[in-house]
1. What pairs in Lys165/Lys297; Lys283/Lys378; Lys378/Lys426 have C-alpha atoms more than 30 Å from each other?
2. Scan the chain and hand back the longest stretch that contains none of the chymotrypsin sites (Phe, Trp or Tyr not before Pro) lying in DSSP loops with at most 12 other Cβ atoms within 10 Å.
3. What size of dipole, in debye to the nearest 20, comes out for segment 49-347 about its Cα centre when the only charges are +1 on Lys and Arg C-beta atoms and -1 on Asp and Glu C-beta atoms?
4. Under the rule of -39500 (n - 2.57) per DSSP H run of 4 or more residues, summed and divided by the residues of the chain, what mean residue ellipticity at 222 nm is obtained, to the nearest 500 deg cm²/dmol?
5. So, in nm, how far is label Glu214 from label Tyr590 when the simple model puts each one 7 Å beyond its Cα toward the Cβ?
6. Put +1 on the Cβ of each Lys and Arg and -1 on the Cβ of each Asp and Glu in the chain; which of Thr583, Val73, Tyr366 then has its Cα farthest toward the positive end of the dipole?
7. Tally Lys/Arg at +1 and Asp/Glu at -1 over every other residue whose Cβ is under 14 Å from the Cβ of Gly343; what's the total?
8. Please find the FRET efficiency linking Leu558 to Ser505, where r is the Cβ-Cβ separation and R0 is fixed at 51 Å, and quote it to the nearest 0.05.
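Here, each number is a calculation from the coordinates, and none is a lab measurement. This is a predicted model, so every value here is computed, not measured. With ideal geometry, Cβ positions are generated from the backbone for all residues, glycine too; neighbour counts draw on all protein chains shown.
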Amino acid sequence: MQRNNYREESDERLTRSRFLVLFTIGCIFFIVLPVLKSQADEVATTGWDLTPVAADVDFRAIAALNTTSAVAVGENGIIFSTSNNGSSWSAESSGTTRDLLDIDYNGIIVACGDEGTVLVSFERGTWTDISLPTATQLSSITIAEYLSPANSTIFVAGNNGEIWKGDATGNWSQLTTSVTTDLYDIDFLDSTNGIAVGVEGVILGTENGGNLWEPRIVPEGYTEIDFHAIEYVSPIRAFAAGSNGSFISSSGAGDTPVGYLWSGWQTGVSNTLNSVSASSIYKVWVAGDSGYIALSKKGGKDFVNQTYPGEISSDFHSVSMATGFYGFVIGDDGVALHTDREGTDPATIPTARKFSGFQDYASYAYPKLVEGLKNTLKIIYISILFGFTIGITLATFKTSQFNVNVPISLTDSEGAWRTFSFNPLKLFATFYTDIFRNTPLLVQFFFIHFGLVQIGIDLTFDGTFERAYGSAIVALGLNSGAYQTEIIRSGIQAIPTGQMEAGRSLGLTYLQTMRHVIMPQAIRIVIPPLGNETINLVLNSSLASAIGYGELTRQGKLLISITFETFWTWGLVLLFYFSITYTLTNILKYAERKLKIPGLGLGGET
């Protein structure tokens, strides 16, 4: 009778726990979910202003001189300039009817094109011919350095792998490359470091001013891509774009410079991307066929389509940003666009907002918090498994009997060696747990995210993950693994030693006995402390916001910066965290009851 009553009470408690879990989660989504229905799709205007030139003009490249001025070149030697945000364009005489394909600005303006054409402008509106009579089509030009006309460094690239180096006075010398395929774009960070790209996945790099060009390896799946554009942004970042909407980025780390390690990112389109421009290592724009423009604020991840919402079907050939907010785009049929707001629709730019009540606020905040919730679940799921794997492995190390004897002196009078005995597995596990249990988790986050990249350790795992995501998983997993090691070790040591001896006497090895006899019992014993560690890991995941990962806490901070609604924001964040931890707590309690070893413990209900 007593046993039946106990079972009935246990079932009742379990039912009550399940009800509370469902009720809590239901309350959260009952309050917030219905407001999604009130979100109307806003009709987007545009983040770009259309400033057309002439329908019979086909532009090929543009260079932003400042926030309001730009110079564009195109077919038949056309050159147009603007100094008022594209409100009006003025034609300039180039002195040639050959197609001009590229333009660059760095103290002076240079342009290049068909049949080795190279033009330079020291004064606005006046162009001087410094062409290369022996060159073929020159597709790209870049000014690596400019101090004076004679003390300057200019590079041009074109058909058949040609790269030329010269100055603004027209002194040119051809450089040797290892390819004969066409090169579409070239860019230099300074007078020493440069990258050139072209057809069929060709990427060349130089680290000595162009004297030696070497091929670079692109990611798998991009070897057949025609790369049309390269942007060498900083000593640690370069971007390339090309056919089929392809976009790749390279990050320098430690002794490995930019150009050796490339990661591919999805743009979500199949348009050929003809141009790329970046204002920082994170903020990058691409422009391509069929009027396509897109912006990424995450270094190539999560491109947002900024295509002009009119009837523009012309191909865009060039985008040039003067700053992170001001820039120009040009294309066929005289199409030109200008932005003073980073190309973003004003209706979608985050600004301080007023809300009529909680429901109005929740309709705005809910999608962002759900995104943060998904990102939180992504890191804690993998981190728990990562930490558990470390815990089992190192707990086995700490309880192993693998000793190494090292002689510390010559034999004594009886011929016996004096030795020093130690367990290397236990020593390693102890060192690991001491490091991670006796240093702040936040500092571990900073060391792993900002420190390891300086010595060449790539936590994007060859572009599989965003670096902040990889860093968060590694930091949480390593930290939790240290605590789980000690928890599991205590469980192993709680098993009577006779069971290990019994397993060995049956012919099982130490690892086999540990796997089939000891560990299954030890894990069942330590489910409660493992559950506590799992809950701590969930709560500690909020520290990932410190390295820029967009989990719940970071989304809350971003919401407050826009809405200034601290009470509602942090209240919702608390509820989201509570829904995770409370659900997980009850799952672990259920697992503890189901896996409880009969006869072990006092048998009381917790």
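1. Correct reply: Lys165/Lys297; Lys378/Lys426.
2. Excluding the exposed sites themselves, the longest stretch runs over 1-401.
3. Using Cβ point charges on Lys, Arg, Asp and Glu, segment 49-347 gives about 760 debye.
4. About -11000 deg cm²/dmol.
5. 5.8 nm
6. So the residue we want is Thr583.
7. -1
8. It comes to 0.25.
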